[in-house]
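Colleague: One structure, pasted below without further comment.
Nothing in this text is a laboratory measurement; each read-out follows from the coordinates by a stated rule. The structure displayed is predicted, hence computed values, not measured ones. When we count neighbours, we look across all protein chains shown, and the Cβ atoms used for this are built from the backbone with ideal geometry, even at glycine.
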Amino acid sequence: MIDTHSHVLPGVDDGARSIGDAVAMARQFVDSGVTAVVCTPHLSTQFRASTEQVTRELERLRSALTDLGIDLDLRLGTEFTTTTVRTATPAALAERAITGRYVLVELVSRTSRADAVGAIEAVHAAGLDPIVAHPERCAAVQREPAIVAELRSRGALVQVVGPSLVGRVADAVRASAWSLLGEGLVDLVGSDAHRPLSASIRLDLLADLIAQRIDRATAERLLAVTPARLLAG
């Protein structure tokens, strides 16, 4: 399995606080059957780690895992807000995109349909492909799930995150996440793990839960097949 949304890089956002935290998370990923993790630190008005800083932390973590014999392929991406996507240059977006192609854009509770569509259009205008992260957290989506279908029709991949499925979240968030999965409107499931021992690190348990509630083929598509295609470009 491959995790396509994590905050495992230490000291760059609200995720792992230290290299020790990051190593512990990496061990837990491997123990749960994960072979690769996309590191997606926030880029926003609150979290402004430069490309140089996140690249440095990525290499430091890779080196630590190699020294400890932890076999986990780490890739770099970024979790953009709708605002940072619209204000970034095409070159800046490509520099922080997954495999230089896929731009992860987060929707939050207050994101409007217009904001979401505008962000998707900005990514396409840069010649890149958008991934919409955790739309289930968006109040507009909870009221009008057809927004997600619209974003997919505009060429966006859709990613639900583990905490919405197994974490302590509002009922509306959980209901929206499972509804989107049930309607076949989700392309990826990511852990969105921020700390060691996070329940969502256990992608094997997430896969089992999705298999029970939907089917095994869907679990494999969301956590293995589509992520592998993503990393292959």
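Colleague: Short version: what are the Cα gyration tensor semi-axes of region 100-173, square root of 5 times each eigenvalue, largest first, in whole Å?
Modeller: 22, 13, 9
Colleague: Work out from phi, with θ = phi - 60° and the Karplus expression 6.51 cos²θ - 1.76 cosθ + 1.60, the ³J(HN,Hα) of each residue of region 11-28, listed in order in whole Hz, and give x for Gly and Pro.
Modeller: Taking θ as phi minus 60°, the curve returns x, 10, 7, 8, x, 3, 8, 8, 5, x, 4, 4, 5, 4, 5, 4, 4, 5 Hz for region 11-28.
Colleague: In whole Å, what three semi-axes, largest first, describe the equivalent ellipsoid of region 141-209 built from its Cα gyration tensor (square root of 5 times each eigenvalue)?
Modeller: 22, 13, 10
Colleague: Let me ask another. Using Cα pairs closer than 8 Å and at least 6 residues apart in sequence, work out the relative contact order for the chain, in percent.
Modeller: Values: 456 pairs, mean separation 51.5, N = 233.
With pairs under 8 Å counted, the relative contact order is 22 percent.
Colleague: While we're here: Can you give the convex hull volume of the alpha carbon atoms of region 2-231 per residue, in Å³?
Modeller: Expressed per residue, the convex hull around the Cα atoms of region 2-231 is 105 Å³.
Colleague: What are the residues whose amide H is under 5 Å from the amide H of Asp73, where those residues sit 5 or more places off or on another chain and H is modelled from the backbone?
Modeller: Counting only residues 5 or more places away or on other chains, the set is Ala36, Val37.
Colleague: I would also like to ask the following. Mean projection of the alpha-carbon convex hull of region 1-86 over all orientations, in nm²?
Modeller: 5.3 nm²
Colleague: Next question. Which translational diffusion coefficient, to the nearest whole µm²/s, is obtained for region 52-147 from the Stokes-Einstein equation, given a Kirkwood hydrodynamic radius over C-alpha pairs, 25 °C and 0.890 mPa s?
Modeller: My calculation gives 168 µm²/s for D.
Colleague: Step through the residues of region 44-51 one at a time and calculate ³J(HN,Hα) from phi using the Karplus curve (6.51 cos²θ - 1.76 cosθ + 1.60, θ = phi - 60°), rounding each to whole Hz and writing x for Gly and Pro.
Modeller: Computed from phi, the couplings for region 44-51 are 7, 5, 8, 10, 10, 4, 6, 4 Hz.
Colleague: While we're on this one: Packing-wise, with mean Cβ within 10 Å as the measure, how do 194-207, 2-15, 172-185 rank, highest first?
Modeller: 2-15, 194-207, 172-185
Colleague: Taking the alpha carbon gyration tensor of region 192-233, what are the square roots of 5 times its eigenvalues, largest first, to the nearest whole Å? Before the final figure, lay out the partial values.
Modeller: On the way: eigenvalues 70, 56, 6 Å².
In descending order, the three semi-axes are 19, 17, 5 Å.
Colleague: From the backbone phi of region 189-205, what are the Karplus-calculated ³J(HN,Hα) couplings (6.51 cos²θ - 1.76 cosθ + 1.60, θ = phi - 60°) in whole Hz, Gly and Pro given as x?
Modeller: Whole-Hz 3J(HN,Hα) from phi for region 189-205: 10, x, 6, 6, 6, 10, 9, x, 6, 4, 4, 6, 4, 6, 5, 5, 6.
Colleague: Report, as a whole number in µm² per second, the diffusion coefficient that Stokes-Einstein gives for region 112-233 at 25 °C and 0.890 mPa s using the Kirkwood radius over alpha carbon pairs.
Modeller: Diffusion coefficient, whole number: 167 µm²/s.
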